[in-house]
Amino acid sequence: MKDQLLEAAKAVLLQNWTGHFTKPAPNLYPHQWNWDAGFIAIGYAHFDLDKAEQELRSLFKGQWSNGMLPQIVFGTETNARYFPGPDFWWTHLAKAATQEPQTSGISMPPVHGFALWRIYQIAKKQDPKRARAFLEEMFPKVLKSHQYFYEFRDPQQEGLVYIRHPWEGGTDNSPIWDSVLEKIDPTQLDIPPYERKDLQNPEAAAHRPSDLDYDRYVHLVDVFRKNKYDEQAIYEECPFLIQDPLFNGALVWSNECLIKAGQELGEPVNELIHWNELTIFSLNEKLWDEERGIYNAYDLKNDQLIPVHTNSGLMPMIGEVPTQEQAEQMLLMLEGADFCGSSENIYSCPTYSLQAEDVNYKRYWRGPVWINMNWLLYHGLLRYDMEDMAAKVKRDSLELIGQYGFYEYFDPRKDKSENLACGTNQFSWTAALCIDFLMET
Ligand code: 2M8
């Protein structure tokens with residue numbers, strides 16, 4: 001059974017391999033995506049080091065001269081398959097952008113520090129010299145992407161990085177963004193004309209973000225391009241500036257892995273240590289919700305907390321941000337009615353509190369289980385020796401995949417009469433992280 005699943009997972013990655021990088025899915029996502037590439041490279045490291053390395057090299061070819069690692073590095077498939085394609089971003093106006101390959105003009109959660117370190121650990125067992133050479137090659141690039149965040153996305157120098165578009169958060173349609181997006185009224189704005197392509201995919205169409213959401217997404221892109229990607233000007237004008245606990249939690253784990261990598265390579269790491277201490281401090285000082293035992297997001301534009309509880313609020317565990325005591329509170333939250341429901345009827349871990357009135361078990365990032373979030377949560381739990389819960393998260397992930405296939409996300413309700421698979425099939429990070437779960441020793 002394990003061998004079959006493993007082989008099937010490898011086949012998904014190889015099927016989505018384009019010769020230079022791996023598409024997140026065969027049709028819906030025809031280019032290279034930023035955090036997908038990090039997860040995918042981890043999967044490859046277990047059976048094809050060459051592809052693991054190429055995956056990250058290809059992504060970093062799109063890195064801007066200011067360090068920003070773009071959300072999408074466009075491949076050669078026609079624009080007809082995905083909106084927004086390369087032409088929509090007008091990145092030729094951005095001083096720092098690469099023109100070849102073309103990219104989008106936003107970034108994504110910084111997973112590459114911990115992906116690189118994990119790949120190094122896996123590769124060392126196969127070929128130590130090669131593993132070190134790749135670490136050496138990538139370390140400065142990943143470091144530069146962190147420098148970008150601390151230089152351009154942390155205006156109050158508190159160590160908390162903001163995102164300026166829901167797509168940057170990775171959790172596109174998360175209810176965390178709602179209150180901020182609702183303030184953008186497209187009827188009062190001049191929204192540039194555009195045509196969605198994602199609804200052409202019948203598997204995914206039903207649960208994707210709404211047209212109103214897309215108008216707002218497009219408006220934000222318009223703000224960026226009109227400001228020629230000048231970060232200061234965007235900061236002043238952009239209505240969407242959010243400090244997200246998943247994003248900043250990933251940053252901490254990646255900082256920490258870069259510190260280890262730097263020490264291994266004999267590189268200076270003082271700046272990284274300083275950034276990291278500040279981010280950990282501010283996550284706890286500003287975003288920790290003592291009453292509920294979870295981290296909030298913060299709306300920087302309107303200067304207020306966003307007390308909306310998705311499992312992003314649990315993710316600072318991956319960087320060991322909470323103390324053991326805080327983590328115990330988080331475990332209670334996770335095991336309780338909000339997430340896993342202490343019952344046998346819910347697959348861990350729904351992306352949105354099951355107590356929320358607007359939880360939706362099938363809609364994109366508004367309730368379903370996503371395997372990358374489970375994988376992160378699993379690693380977070382292990383840092384606090386919460387082995388039982390970690391084992392459940394892993395078991396549930398493998399059971400969902402084994403039963404339904406390598407889908408993009410899953411309805412968390414254990415109901416054998418319904419097909420729990422959602423979104424697009426043959427999804428790369430589901431396959432890659434399944435490999436990592438299975439191969440873990
Ligand atoms: C989804 O996001 C893209 C935009 O980036 C989309 O909806 O078109 C998200 O699930 C994101 O996290 C993921 O990286 C991307 C590709 O898998 O798809």
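Count charges around F152 for me, please; just the other residues with Cβ under 15 Å from its Cβ, Lys/Arg as +1, Asp/Glu as -1. Every neighbour counted, the sum reads -3. Neighbours of G249, meaning other residues whose beta-carbon lies under 12 angstrom from its beta-carbon, give a summed charge of -2 when Lys and Arg score +1 and Asp and Glu score -1.
For R130, the shell of other residues with beta-carbons less than 11 Å away shows a net charge of -2, using +1 for Lys and Arg and -1 for Asp and Glu.
To the nearest Å, what is the center-to-center distance of the range 191-270 and the range 73-120, using C-alpha atoms only? The distance from the Cα centre of the range 191-270 to that of the range 73-120 comes to 11 Å.
Of the residues Q232, L220, L251, the one whose Cα sits farthest towards the positive end of the charge dipole of the range 197-295 is L220 (charges of +1 on Lys and Arg Cβ, -1 on Asp and Glu Cβ, taken about the Cα centre).
For the range 149-294, the Cβ-based charge dipole about the Cα centre amounts to some 300 debye (Lys, Arg positive; Asp, Glu negative; other atoms uncharged). Taking packing as the residue-averaged number of other Cβ atoms within 10 angstrom, the listed peptides 346-352, 45-51 run from highest to lowest as 346-352, 45-51.
Note on the chain: with charges restricted to the Cβ of Lys and Arg (+1) and Asp and Glu (-1), its dipole about the Cα centre is near 1320 debye. Ranking L382, P368, V393 by how far each Cα lies toward the positive end of the dipole of the range 325-399 (charges on Cβ) leaves P368 at the top. On a per residue basis, the chain carries 37 Å² of accessible surface, using protein heavy atoms and a 1.4 Å probe. Principal axis extents of the C-alpha atoms in the chain (largest first, rounded to whole Å): 53, 52, 45.
Where only DSSP H runs of four or more residues are counted, the chain gives -14500 deg cm²/dmol as its mean residue ellipticity at 222 nm, each run worth -39500 (n - 2.57). Nonpolar atom fraction for the chain, defined as the carbon and sulfur part of the 1.4 Å probe accessible area, stands at 48 percent.
The values are calculated or read from the model by the stated rules, or taken from the named source; none is laboratory data. Values in this document were obtained by computation on a predicted structure and should not be read as measured data. With ideal geometry, Cβ positions are generated from the backbone for all residues, glycine too; neighbour counts draw on all protein chains shown. Just so you know, the surface numbers come from the protein's heavy atoms only, side chains and all, with ligands and any DNA or RNA stripped out. Shrake-Rupley method; radii C 1.70, N 1.55, O 1.52, S 1.80 Å.
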